[in-house]
2 protein chains.
Amino acid sequence: MSLTVVGSIAYDTVRTPFGARERMLGGAATHFALAASFFDQVRPVGPVGDDFTDEDLAILATRGTSTDDVERVAGGKTFFWEGEYGWDLNSRETIDTQLNVFETFQPKLSAAARASDVLFLANIQPQLQLDVLEACDGPRFTAMDSMNLWIDIARDDLVKVIERVDCVILNDAELRQLTEKPNLVSAAREVLAWGPSVVVAKQGEYGAALVTPTGFFALPAYPLETVVDPTGAGDSFAGGFVGWLAQNTAGSPTDEALRLAMAYGTAIASYNVEELGTDRVARLTIDEVNERVAEIQALTQFSLEVSV
Amino acid sequence: MSLTVVGSIAYDTVRTPFGARERMLGGAATHFALAASFFDQVRPVGPVGDDFTDEDLAILATRGTSTDDVERVAGGKTFFWEGEYGWDLNSRETIDTQLNVFETFQPKLSAAARASDVLFLANIQPQLQLDVLEACDGPRFTAMDSMNLWIDIARDDLVKVIERVDCVILNDAELRQLTEKPNLVSAAREVLAWGPSVVVAKQGEYGAALVTPTGFFALPAYPLETVVDPTGAGDSFAGGFVGWLAQNTAGSPTDEALRLAMAYGTAIASYNVEELGTDRVARLTIDEVNERVAEIQALTQFSLEVSV
């Protein structure tokens, strides 16, 4: 069994009020893989350039992740993103985006990647997400992310992707924009009507909500006093969520399983933001993850019978 | 036992994409009283003008609320607010604010109001909140709200009020502004260091978080497909929260009690926004409230042991 993720492997330059670093390893597929590698063998599919170091490839390979489908583009340069966060980390400005090898990226999946039983389509052009879906041998569970840019310029393709996946993971603002429904519950139900059986609305510092045909669930973010770098939090969440499902479910996941998977995603995302880039999750242990999942449960439970 | 609330009793003109009405009953003390009246005898303290109708006074008196401390100012006009909400109800614009009788308001508490065992200081000028604290006979539990305006122009007085209350209920943005700490947990802990034992951070459509010296708890808002009018949601929350504590706790509330009180506040606030103004909560029943509290519990719980 394995989990294929198609998306960006990048170099990021990040400045936040609590830390900054030039050209460190980043990208959606990277953050996803580091989180999901606790649960399954992960196969990231994405291009890098000549500038991509063996050291960074080794970080990507943490916990047994296969880098066989990382495509080295001769003469190319790795995708680069530079961003700066505002004082409360809730706003960020993109300073620079250089697509580089990503500009002409055409996913080429190895036989092993095509045969993965679980597939995550990170935020890339919807047409490429469709190509990957065509190439794969019918994974039992497929999930996807996207962004406002594709809703603006490639909505028809994006809807075609959504119609073919089991699970959509988007920010709540993106769900509203996509469906043109201002109400989050209505927006999620609209997406469910297009085909998927699971919608996850990421809500940044407020956590995430889960909507299925049979239920609603919401989980706050883990409360941290020190957040250093929010970059990749959403992808770490998706990696923990999809990874846990890959390891612990067989057919369609039950609502009960999806809820616990949300807690694993939330726990790993909370570690991700504690340090710059991939530092914290690269050295994270499953015991630390389990411990935080239990803490998250403790801080969301209440009793209807209170003795006073 | 009784619960005194000092704050605005108003006429609101509200326009949302899902409904609109001119000059309907509103105001912080009104929404608070309607919510808290499920649990205790409430005594709103606030001024109204000659234009305030007996019909609206009767709504304020729902479920036994005493209107003895509603001050009728001869020749005066009731506080008026007009606002318009954006398409997803998360942004609102104030079109008009007429302080009217509120401009020269000096709280005059009856002996019964002064003797209340629980006190809520709704969002009014901090100096008036201090006057009320001075006038009261040492209530066993005091809670307060405020707003960005007072942080801007009367921060010193506001901090004096905070130092003297048990519980601070503010929006998370206000907590950050007040403490100049961008991180919500740090901001809440700073406020706890000033004296209170309970901080509630209201988070609008995302729910609310509770921070005490011994714990953290977060509760999502109840997921509604139809939200008509968010006006007064925060005050309905506060009314349900403080009201439940007034009825069900004796000394300092335990974390367990505070959590269940949060669920009651959340439940009543969710009903409040289903219709314009006070319509829904005025005819709400405690059975409906209890039912929604149980639903909120169901949609926030997850198990660490999942059978797949």
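The values are calculated or read from the model by the stated rules, or taken from the named source; none is laboratory data. If you're wondering where the values come from, they're calculated on a predicted model, not measured in any experiment. Every residue, glycine among them, receives a Cβ derived from its backbone with ideal geometry; neighbour counts consider all protein chains shown. Please note that ligands, DNA and RNA were not included when accessible areas were found on the heavy atoms of the full protein model with its side chains. Shrake-Rupley method; radii C 1.70, N 1.55, O 1.52, S 1.80 Å.
Per-structure values
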| item | result |
| --- | --- |
| Surface accessible to a 1.4 Å probe, per residue, for the residues of chain A, Å² | 37 |
| Order of exposure, largest accessible area first, which applies to B:Thr104, B:Thr53, A:Thr142 with probe 1.4 Å | B:Thr104, B:Thr53, A:Thr142 |
| Per principal axis, descending, Cα span of chain A in whole Å | 69, 41, 36 |
| With all protein chains modelled, accessible area of B:Tyr271 [1.4 Å, Å²] | 10 |
| Copies compared at A:Gly138 - label distances in nm, ascending, label defined 7 Å from Cα in the Cβ direction | 7.7 |
| Label spacing, shortest first and in nm, from A:Gly75 to its equivalents in the remaining copies (7 angstrom along Cα→Cβ) | 9.0 |
| Area of B:Val227 that stays accessible when all protein chains are in place (1.4 Å probe, Å², to 10) | 40 |
| Protein-only accessible surface order, largest first, of B:Ser307, B:Ser236 at 1.4 Å | B:Ser307, B:Ser236 |
| Size of the A/B contact, given as accessible area buried on both chains, probe 1.4 Å, in Å² | 4100 |
| Size of charge dipole - the range A:167-293 - debye, nearest 20, with Cβ of Lys, Arg +1 and Asp, Glu -1, no other charges | 420 |
| Nearest-0.05 FRET efficiency for A:Glu288 and B:Asn148, computed from C-beta distance (R0 35 Å) | 0.35 |
| Cα-based reach from B:Lys181 at 22 Å (exclusive), listing lysines while leaving out same-chain residues under 8 positions away | B:Lys160, B:Lys202 |
| Directionally averaged shadow of the range A:78-168, computed from the convex hull of its alpha-carbon atoms, nm² | 7.1 |
| Kirkwood Rh and Cα Rg combined as Rg/Rh, the range B:1-157 | 0.96 |
| Efficiency of FRET between B:Asp255 and A:Ala74 - r from beta-carbon atoms, R0 56 angstrom, step 0.05 | 0.40 |
| Cβ neighbours within 10 Å from other chains - mean over B:32-44 | 0 |
| Cα-projected label distance for A:Asp54 with B:Ala135, points at 7 Å along beta-carbon direction, nm | 7.9 |
| Label-to-label distance, nm, for residues given as A:Asn248 and B:Glu84 (7 Å Cα→Cβ offset) | 4.9 |
| For B:245-252, mean number of other protein chain Cβ atoms within 10 Å | 1 |
| Per-residue ³J(HN,Hα) for the range B:152-165, Karplus 6.51 cos²θ - 1.76 cosθ + 1.60, θ = phi - 60°, Hz, x for Gly and Pro | 5, 10, 8, 4, 4, 4, 4, 5, 4, 5, 4, 4, 9, 9 |
| Within the protein assembly as shown, percent of DSSP bridges classed antiparallel, to nearest 5 | 40 |
| Farthest toward positive dipole pole in the range B:56-153 [+1 Lys/Arg, -1 Asp/Glu at C-beta], among B:Ala113, B:Leu128, B:Leu149 | B:Ala113 |
| Rounded accessible area of B:Thr94 (nearest 10 Å², 1.4 Å probe) | 70 |
| Accessible area in the full protein assembly, largest first, 1.4 Å probe, for A:Trp244, B:Trp194 | B:Trp194, A:Trp244 |
| Carbon and sulfur %, accessible surface of chain B computed with the full protein complex present, 1.4 Å | 48 |
| Average beta carbon contacts from partner chains per residue of A:203-209, 10 Å cutoff | 5 |
| Calculated FRET value between B:Arg23 and A:Arg92, using beta carbons and R₀ = 35 Å, to 0.05 | 0.25 |
| Reachable aspartates and glutamates from A:Lys77, criterion Cα separation under 16 angstrom, eight or more residues apart if same chain | A:Asp12, A:Glu22, A:Asp50, A:Asp51, A:Asp54, A:Asp56, A:Asp96, A:Glu103 |
| For the protein assembly as shown, the Rg and Dmax computed from alpha carbons only, in angstrom | 26.1, 85 |
